[in-house]
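One structure is given below, encoded as structure tokens.
Rule-based calculations on the coordinates, nothing more; no lab input. Just so we're clear, the structure is a prediction, and the values are computed from it rather than from any experiment. Backbone-built Cβ (ideal geometry, glycine too); neighbour counts: all protein chains shown.
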Amino acid sequence: MNPSRGAAFIEREASVTLPWTEMAEAGLIPQGGTAARVKTGAWRTGSMPVLELSRCIHCLRCWIWCPDSAVLLDGEKVTGIDYDHCKGCGICAQVCPPKVHAIEMVPEGGEA
Amino acid sequence: MATTEAYRITERRRVTMTGAEATAEAMRQIHPDVVAAYPITPQTDIVMRFARFVADGVVQTEFVPVESEHSALSAVVGASAAGARAMTATSGPGFALMHEILYVAAGYRLPIVMPVANRALSGPINIHGDHSDTMGSRDAGWIHLYAENAQEAYDDLIQAVRIAEHPEVRVPVLVGQDGFIITHGMEIVEVLTDDEVRAFVGEYRPERYLLDVDHPMTVGALALQNSYFEVKRQLAEAVRRSARIIADVGEEFGRLTGRYYGLTEPYRMEDAELVIVAIGSTAGTAKDVIDELRGRGVKAGLVKVRVFRPFPARNLRDLLGRARAVAVLDRADSYAGLGGPLFAETKAALYGLPQAPVMTGYVYGLGGRDITPEMIAAVYDDLGQLAERARADHAAVAAEAALSVRYLGVRER
């Protein structure tokens, strides 16, 4: 596949306009980082992780395990949660060491 | 990658082996990066032999034993997307269990190669040779090759790698061989040297792959109303384009081995008036019958369909256009469709020809039921009578025959 064709695909949001002969083959998206533009946090499960930064020891387990890269870092320090992409799966709270307990899942939206 | 010396084949050999053994040998020589498989009769013999090559260190292939065929093809899809030359093998119900993932492999344009030991589908349970499995998923977007015997099972698999990976194709290829009849039947097979096979298939260099971290990409993104149709149109065009590549690869393989391959194989078709169209091992039986009939002055001929997808419509028009009567033999039924899949599509291919022959369809050999030379001779007899009746009123006889499906070798009363 022609890489420039792939770039055009992204730049023009062109899936609605490009003919089949010019679209990236097999529906591939031939560049990284596009997931950042799709905010998936809107359909969180109903509970959200809340980070108590004062307890955090920056072991980065939550960052490693988060399936959506929604744990924000500054260098090697955890700085917060990216709620635009966090789906509320709770894995970060699970892997946070029990003695540290810096992340708690709390109900969200007043439905609990 | 090197194979251990003990197994290395450095001179061409003629060896007695089964289709399964020949297939495993081809896989060893192709030396894929990843094989994921689940055993199912009559495919088991293929993967069992290949697993032994892995266990003995003869190949450095990553072998992934999985818990189902759905997982086998899923693992191979992942491996292929990651950049590996990946293969699996299956049969009958295992192939049916892959149905969903067949579309994924084709839709993602992954050049996976898969031998299939063609087998009947349940119920009732039956483990024998039948084309119901692959014909049931004929529209998944895979290229279909079918072997006539163990030699072709071996030759086709090697060619399949080149076809699947061709930059203008990149479509998965399945290579069917009749379960037990070919997989477990002993024949003489000419085996190429390891170096010849390696040179023929070449090093796999995917243009893009997930493990290429310098060029990140997303495989399997959502494609809804605004883009799915375009992706599928690309696939249709790639399968169509593959016809030329299959012919080119078959020609190149012929120059190497003396065994040339095309989309179809005509047998004594120069002046044939009564013609059978068939897929797989039955074509071999028909050739013997034709030789016998020719000795008695019957102008009998055969068109073996080696490639079912892309469907060789133009070849069939050229080959069958001058015949008087044609019988299409299907080892799969479509249950009150317009005949088996090969019959229905062969008729469609000949639609509109000014001198189209009278055509009729036969379903035979379901669940591994024998098809004997006598049965094939009886079909030529039927064709002779059909051609005679058509002399009087071609249009009426042709119209009636086109809708008739007969069952060959079933107990009628």
Normalised by the number of residues in region B:264-408, what is the relative contact order in percent for Cα pairs under 8 Å and 6+ residues apart? 25 percent
Return the loop-located GluC sites (Glu not before Pro) in region B:9-50 (DSSP other than H, G, I, E, B) with at most 11 other Cβ atoms within 10 Å of their own Cβ; answer none if there are none. B:Glu11
How about region B:95-199: which GluC sites (Glu not before Pro) there lie in a loop by DSSP and see at most 12 other Cβ atoms within 10 Å? B:Glu168
Under a GNM of chain B (C-alpha, springs under 10 Å), which listed residue has the highest mean-square fluctuation: B:Val77, B:Val231, B:Val173? B:Val231
Rounded, prolate or oblate (a/c below 1.5 giving rounded, otherwise prolate when a/b exceeds b/c) for region A:28-112 by Cα gyration tensor: oblate
Determine the dipole magnitude for region A:41-107: charges of +1 sit on the beta-carbon of Lys and Arg, -1 on that of Asp and Glu, nothing else is charged, the reference point is the Cα centre, and the result goes in debye to the nearest 20. 220 debye
Computed magnitude of the charge dipole of region B:1-90 (debye, nearest 20; Cβ of K, R +1, Cβ of D, E -1): 320 debye
Can you tell me, using C-alpha contacts under 8 Å and at least 6 residues apart, the relative contact order of region B:51-125 as a whole percent? 30 percent
Roughly speaking, what is the centre-to-centre gap between region B:225-249 and region B:4-48 when only Cα atoms are used, to the nearest Å? 30 Å
Proxy reagent accessibility, fewest Cβ within 10 Å first, across A:Val106, B:Val219, B:Val113: A:Val106, B:Val219, B:Val113
DSSP beta bridges in the protein assembly as shown [antiparallel fraction, %, rounded to 5]: 35 percent
Considering chain B as a Gaussian network with a 10 Å cut-off on Cα pairs, which listed residue, B:Met217, B:Met359, B:Met87, attains the greatest mean-square fluctuation? B:Met217
Along the three principal axes, how long is chain B when you take its alpha carbons, biggest first, rounded to the nearest angstrom? 71, 54, 43
Could you line up B:Tyr335, B:Tyr228 from fewest to most neighbouring Cβ atoms inside 10 Å? B:Tyr335, B:Tyr228
With each pseudo-label sitting 7 Å past Cα toward Cβ, what's the A:Leu72-B:Leu224 distance in nm, one decimal? 2.8 nm
Classified through the alpha carbon gyration tensor (a ≥ b ≥ c as square roots of its eigenvalues; rounded if a/c is under 1.5, else prolate when a/b is larger than b/c, else oblate), region B:264-408 comes out rounded
Classify the protein assembly as shown from the C-alpha gyration tensor, please: rounded if a/c falls under 1.5, else prolate or oblate depending on whether a/b exceeds b/c. prolate
Note, ³J(HN,Hα) from phi for region B:321-332, Karplus 6.51, -1.76, 1.60, rounded to Hz, x at Gly and Pro: x, 9, 6, 8, 9, 10, 10, 9, 9, 10, 9, 7
Using a 10 angstrom cutoff on alpha carbons, build the Gaussian network for chain B and name the most mobile of B:Tyr260, B:Tyr146, B:Tyr154. B:Tyr260
Treating only the Cβ atoms of Lys and Arg (+1) and Asp and Glu (-1) as charged, compute the dipole magnitude of region B:4-257 about its Cα centre; round to the nearest 20 debye. 400 debye
Need the list of lysines near A:Lys39 for cross-linking: C-alpha distance under 26 angstrom, and skip anything on the same chain fewer than eight residues off. A:Lys77, A:Lys87
Roughly what % of DSSP beta bridges within region B:264-408 run antiparallel, to the nearest 5? 15 percent
I need the calculated FRET efficiency for the pair A:Gln94 and B:Met48, taking r as the beta carbon distance and R₀ as 45 Å, to the nearest 0.05. 0.60
Estimated [θ] at 222 nm from DSSP helical runs (n ≥ 4, -39500 (n - 2.57)) normalised by residues in chain B, nearest 500: -13000 deg cm²/dmol
Beta bridges per DSSP with both ends in chain B, % antiparallel, nearest 5: 25 percent
Please arrange A:Trp20, B:Trp142, A:Trp43 by how many other C-beta atoms lie within 10 Å of their C-beta, fewest to most. A:Trp43, A:Trp20, B:Trp142
Using R₀ = 22 Å, calculate the FRET efficiency as 1/(1 + (r/R₀)^6) where r is the Cβ-Cβ separation of B:Glu292 and B:Ala378; round to 0.05. 0.95
Rank B:Val47, B:Val277, B:Gly19 by how far each Cα sits towards the positive end of the charge dipole of the protein assembly as shown (+1 on Lys, Arg Cβ; -1 on Asp, Glu Cβ) and give me just the farthest. B:Val277
Before anything else, pin down the relative contact order of region B:4-257: Cα pairs under 8 Å, at least 6 apart, normalised by residue count, whole percent. 24 percent
